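The structure appears right after this line, and notes come after that.
The values are calculated or read from the model by the stated rules, or taken from the named source; none is laboratory data. These figures come from a predicted structure and were not determined experimentally. Methodologically, a virtual Cβ is constructed for each residue, glycine included, from the backbone with ideal geometry; neighbour enumeration extends over all protein chains shown.
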């Protein structure tokens, strides 16, 4: 992160015709990896179960491949895991986010020096 008190806060979203993959999707997929359960992952993210599935299905529809494999439950309940493609997509998202955030912080520091944005201004 930045050592500046004020800094850029980048939000990255992948889009086709509409936005479909962003920080909420990544958070949900990470929770699915941890819990192995979509319902629990949704609860941990503060999403309703139906919203979680909408996020997953929307991404899968746009991408044309599965990002979550699910196994319908029996006595012990179902399970879910992030697919290899889903993991690769998360990794690409996180790498791009880190790169863009680094560029934004660096550029903001340059602009701060140029325009004295974070120093007291003389009136």
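Just the residues that are surrounded by fewer than 12 Cβ atoms within 10 Å (Cβ to Cβ), modelled with pLDDT of 95 or more and touching a helix residue (DSSP H, G or I) at 6+ places or on another chain (Cβ under 8 Å), please, taken from the range 1-18.
11, 16
For residues in the range 64-123 being touching a helix residue (DSSP H, G or I) at 6+ places or on another chain (Cβ under 7 Å) and farther than 27 Å from residue 25 by Cβ, which is modelled with the lowest pLDDT?
Of everything passing the filter in the range 64-123, 118 is modelled with the lowest pLDDT.
Just for strands (runs of 3 or more DSSP E) wholly inside the range 19-123: which have at least 2 residues that are more than 17 Å from the chain's Cα centre (by Cα) and surrounded by 13 or more Cβ atoms within 10 Å (Cβ to Cβ)?
Values: elements: 19-21, 68-74, 77-82.
Output list reads 68-74, 77-82.
Of the residues 63, 100, which is closer than 30 Å to residue 5 by Cα and out of contact with any strand residue (DSSP E or B) (no Cβ under 7 Å at 6 or more places or on another chain)? Steps first, answer last, please.
Working: 63 fails: closer than 30 Å to residue 5 by Cα.
One residue alone meets the criteria, 100.
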